[in-house]
Amino acid sequence: MAARIDLTLDCTNAPLLAAFWKTALGYVDEPPPAPFETREEWFAQFDPPADESVDDAAWLCDPDGVGPRLSILKVPEPKTAKNRLHLDIRVPGHGSPQERWERIRIESARLVAAGGSVLYEDTDHHIVMADPEGNEFCVAAGPATT
């Protein structure tokens, strides 16, 4: 059996990044692990220092249970270099290269409206973007869905 993976993003503002990635991926807040009723209750079990808060992190999941979980964790240091690993958001659908490129551009515009920014376009192939904290990701054509 293959191993499952979770992805973790370091950040300075977990609520901001969580809102962006929920919009970008269609993810939802992951419920707290059993037997805890809330994330606050779960977090309190670790007896965190007074300057740490459950709001310093967010846990997201694919509502269909297909994609990897996404943890977003506040860290003290800022982002200083290009990501060594990045996400590709794949826009599904059939059609000509021009039709696929138009869907990529529409998705890119939607993500700009959600707080992302375009870094550059590899015309007719993919758009390199950044989330609100500068983490790079790409928007590209993907497989058609049924």
Yes/no for W42 being within 17 Å of A130 (Cα to Cα) and surrounded by 15 or more Cβ atoms within 10 Å (Cβ to Cβ): no
Total residues in the stretch 13-38, condition among the β-branched types (V, I, T), modelled with pLDDT of 95 or more and not in a helix (DSSP H, G or I): 1
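To keep it simple, each residue is scored yes or no on (1) of a type outside the set (A, V, I, L, M); (2) within 20 Å of L9 (Cβ to Cβ); (3) within 13 Å of the chain's Cα centre (by Cα).
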| site | (1), (2), (3) |
| --- | --- |
| L25 | no, yes, yes |
| V28 | no, yes, yes |
| P35 | yes, no, no |
| D51 | yes, no, no |
| D55 | yes, yes, no |
| D62 | yes, yes, yes |
| L70 | no, yes, yes |
Residue in the stretch 134-146 that is modelled with the lowest pLDDT, counting only those that are surrounded by fewer than 18 Cβ atoms within 10 Å (Cβ to Cβ) and outside any strand (DSSP E or B): T146
Cβ-Cβ under 8 Å pairs, at least 6 apart or on other chains, the stretch 1-25 side under 12 Å from G115 (Cβ atoms), far side surrounded by fewer than 16 Cβ atoms within 10 Å (Cβ to Cβ) and among the β-branched types (V, I, T): K22/V28
Any chance W59 is of a type in the set (F, W, Y), closer than 19 Å to G134 by Cβ and at pLDDT 95 or above: no
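The values are calculated or read from the model by the stated rules, or taken from the named source; none is laboratory data. None of the values given here were measured: they were computed from a predicted structure. Heads up, the Cβs are rebuilt from the backbone with ideal geometry, glycines too, and the neighbour counts pull from every protein chain shown.
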